[in-house]
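The values are calculated or read from the model by the stated rules, or taken from the named source; none is laboratory data. Being a predicted model, the structure only gives us computed values, none of them experimental. Neighbour counts are summed over all protein chains in view; Cβ atoms, including those assigned to glycine, are modelled from backbone coordinates with ideal geometry. The protein model used for the area step is the full one, side chains on, heavy atoms only, and it has no ligands, DNA or RNA in it. Shrake-Rupley method; radii C 1.70, N 1.55, O 1.52, S 1.80 Å.
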Amino acid sequence: MPQPTPEQLRAALATLADPASGRDLVSAGRIDSLQVKDGLVQVALRVRREEAAAMEPVRRQAEALLAGQDGVRNATVILTAHRDTPAQTPPQGHARGHAHGHAHGDPRQQPKLLTAVGAVIAVASGKGGVGKSTVATNLAVALAGRGLAVGLLDADIYGPSLPHMLGVTRRPEVRDDKMLPIKVWGLAAMSIGFITDPDTAMIWRGPMVMGALQQLMEQVAWGKLDVMVIDLPPGTGDAQLTLAQRVSLAGAVIVSTPQDVALADARRGVKMFETVGVKILGLVENMSFFCCPECGHRTEIFGHGGARAEAARLGVPFLGEIPLLAGVRESSDSGTPIVISAPENPAAAAFQALAASVQKAIGR
Ligand code: ADP
């Protein structure tokens, strides 16, 4: 059965009413984007943030309608909020959640997310490229290997890396209005990259990102999980702060490379979590030293031990060192985390040791 064209899908959406304007969804300008590929439909509906609750039934209706069209295998409809509509412009100082008198917009006042999960761990880094996603992925897989039911959530909406690292190309199925996480390498995983083309996510703006992230937490049938590992976006901006406030985190693991610049960023990460009362499970030094695969000789390319010293200075635990090894990158690129592809590799052993420390720290 051929898949419908975008025009046909728009025509279907034009049969649904927009509650705010009384017009139909299409002429009301609600369709922010619409894509159809291999029978999978993705639609973003444009809403103002305060309309989100009222638009949720419409979102579900649209999803059901699209999913019922001939030639559609699966449909995902998300709500997106734009910063450029006047109601979206946060008042000065509000974006960081410190505004006064706006309780409904203050993330600390909103209901917590992921309350059914035993322990939610954030994996964070002060800056990109230090191997945060690699650590999050291998930590999650190693925890699952220790008998825990583990979820892995890619909170990096702008630059999702889990599809690549986990080798996932299939789309999540939808059942009873919820997306099913992808079962891979013993984990339940979810990433915006499983749903949308990463290039689409790149053009999203702040509030849309939070909306999408919230949907990845709430509209996914995560099932019963002992642990959820969240791969946070790099940095210490609003998304990280809001997440730290909306989820009751069991703790944060901060990933750094040994160089001073990276450590300065890691320090900011530690401070951010401490400010919002999140326990620091510890610092991990990634790309700590280079182990020659031929002779096993250790070379400390970036200097070494910086994170251990920094952890001591900050009074937080040091969780270990992950060597810089080509195998780590190769296995990420091939879509199989190294703890599975090469368990005998020293980096895999380091990730196993990290998982053991984290499991102990969260008392699971
Ligand atoms: P981040 O999430 O901090 O941006 P990634 O986890 O995406 O970083 O890692 C950046 C790149 O570095 C990836 O290509 C990854 O495979 C590689 N990498 C990460 N850790 C190591 C390591 N210990 N040894 C070798 N390559 C690594």
As a check on your grasp of the helix formula, calculate [θ] at 222 nm for the chain: sum -39500 (n - 2.57) over DSSP H runs of n ≥ 4, divide by the residue count, round to the nearest 500.
-10500 deg cm²/dmol
Can you give the angle from 0 to 90° between the axis of helix 260-275 and the longest principal axis of the chain, with both taken from C-alpha atoms, to the nearest 10?
60 degrees
Percent of accessible area on the stretch 117-362 owned by carbon and sulfur, 1.4 Å probe?
54 percent
Sorting Met272, Ala75, Met210 by the position of each Cα along the dipole of the chain (Lys, Arg +1; Asp, Glu -1; all at Cβ), the one nearest the positive end of that ordering is Met272
Treating the chain as a set of equal point scatterers at the Cα positions, no solvent, please give the Debye-formula log₁₀ I(q)/I(0) at q = 0.08, 0.10, 0.15 Å⁻¹.
-0.42, -0.64, -1.27
In the stretch 114-173, what trypsin sites (Lys or Arg not before Pro) fall in a loop by DSSP, with at most 14 other Cβ atoms inside 10 Å?
Arg170
Quick calc, the chain, dipole around Cα centre from Cβ unit charges on Lys, Arg (+) and Asp, Glu (-), nearest 20 debye, gives 740 debye
Express the relative contact order of the chain as a whole percentage, based on alpha carbon pairs under 8 Å and six or more residues apart in sequence.
17 percent
Counting only heavy atoms of the protein chains, get the accessible area per residue of the chain (1.4 Å probe) and round it to a whole Å² value.
43 Å²
With angles folded into 0 to 90 degrees, how steeply does helix 52-67 sit against the dominant principal axis of the chain? Use alpha carbons for both and round to 10.
80 degrees
Where the eigenvalues come from the Cα gyration tensor of the stretch 6-86, what are the semi-axes √(5λ) of the equivalent ellipsoid, largest first, in whole Å?
21, 13, 11
